[in-house]
1. In the range 80-136, which residues are of a type in the set (A, V, I, L, M, F, W, C) and assigned to a loop (DSSP other than H, G, I, E, B)?
2. Please go through the range 137-176 and give me each residue that is among the β-branched types (Val, Ile, Thr) and either in a helix (DSSP H, G or I) or buried (at least 17 other Cβ atoms within 10 Å of the Cβ) (or both), ordered by number.
3. Does the range 1-10 include one or more residues that are over 23 Å from VAL106 (Cβ atoms), open to solvent by 20 Å² or more (accessible area, probe 1.4 Å) and either in contact with an Asp or Glu (Cβ under 6 Å, 6 or more places away or on another chain) or among the basic types (Lys, Arg) (or both)?
4. Pairs under 7 Å by beta carbon, first residue charged (D, E, K, R) in the range 132-143, partner crowded, with 21+ Cβ neighbours inside 10 Å and modelled with pLDDT of 95 or more, six or more apart or different chains?
5. Select from the range 29-46 the residues that are open to solvent by 10 Å² or more (accessible area, probe 1.4 Å) and either without any contact (Cβ under 8 Å) to a residue 60 or more places away in the chain or hydroxyl-bearing (Ser, Thr, Tyr) (or both) and list them in ascending order.
6. When you go through (1) surrounded by 20 or more Cβ atoms within 10 Å (Cβ to Cβ); (2) among the aromatic types (Phe, Trp, Tyr); (3) not in a helix (DSSP H, G or I) one by one for PHE63, which number turns out not to apply?
7. Provide a single number: the residues in the range 187-211 that are surrounded by 12 or more Cβ atoms within 10 Å (Cβ to Cβ) and not aliphatic (A, V, I, L, M).
8. Among the listed residues SER124, SER114, SER87, which satisfies the condition of being under 11 Å from the mean Cα position of the chain (by Cα) and open to solvent by 10 Å² or more (accessible area, probe 1.4 Å)?
Amino acid sequence: SIYQNDLQLVLLGLIILVTLLLGKAAHYYSDFAAPIAAGALLAAILVEARIGFFISVALALLFGIIVDHDLRAVATALVGSVVGVYSVSKMSHGYSLIKTGIWMAVANFLVIASTGFIEQIPISQVLIQGLLGILSGIGAAVITTGLLPYLEHTFNITTPLKLLELAQPNHPLLQRLLLDAPGTYHHSVLVGNLAETAAGSIGADPIVVRV
């Protein structure tokens, strides 16, 4: 279905290009500071999780060319991206990019530390690289948060975050419904709760069904 959608192909191409440019820019400072996971997160949120995993592998391999086939940098980019995509895909009530950023930061640090000790790199250097890996994970989440609204609007994509915003009680339309038709509002909330529970039981998307 993605091959048949030109907009999604353009979106994925743009995500890969921007992510690799960020990786190239970070390469001049430190390979472990590159926010490669941002591309995987954007693909997972805007398209779907399976595409996010695929993009994780593709970006890690392409990033390997930028870093002259440094296995530690590639492993960090790959593991951090996969952890981020997995974290986003497993949140049934919307995703928290703050939690995702923390998980990616922890994963990056563990990969950098373990591979550094295997290669017997001095502890001080490993710690510095680990701190850069933590910044990379958090930075990827921040970049994703910043780019999401623009990509959503440009490519007309409805993400779980946008759906959750529509379901907020302070939404103007829901406020008007509450004032003009309180019975209908109350009924809609109850039906939404029932539908969300039913959707979770049969494996459907609870957020889409509720909203």
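The values are calculated or read from the model by the stated rules, or taken from the named source; none is laboratory data. On a predicted model such as this, the values are computed, not experimentally measured, just so you know. Cβ placement follows ideal geometry from the backbone for every residue including glycine, while neighbour counts extend to all protein chains displayed. Note: areas computed on protein heavy atoms with side chains; ligands, DNA, RNA excluded. Shrake-Rupley method; radii C 1.70, N 1.55, O 1.52, S 1.80 Å.
1. Step one: filter the range 80-136 for residues of a type in the set (A, V, I, L, M, F, W, C), giving 82-83, 85, 88, 91, 97-98, 102-107, 109-113, 117-118, 121, 123, 126-128, 131-132, 134-135.
Within the range 80-136, MET91, ILE121 qualify.
2. Of the residues in the range 137-176, the ones among the β-branched types (Val, Ile, Thr) are 138, 142-145, 154, 157-159.
Across the range 137-176, the qualifying residues are ILE138, VAL142, ILE143, THR144, THR145, THR154, THR159.
3. No.
4. Final answer for the pair search is none.
5. TYR29, SER30, ASP31, ALA44
6. Of everything listed in (1) surrounded by 20 or more Cβ atoms within 10 Å (Cβ to Cβ); (2) among the aromatic types (Phe, Trp, Tyr); (3) not in a helix (DSSP H, G or I), PHE63 misses just condition (3).
7. Residues meeting the conditions: 8.
8. Details: SER124 fails: under 11 Å from the mean Cα position of the chain (by Cα); SER114 fails: under 11 Å from the mean Cα position of the chain (by Cα).
When all the criteria are applied, what remains is SER87.
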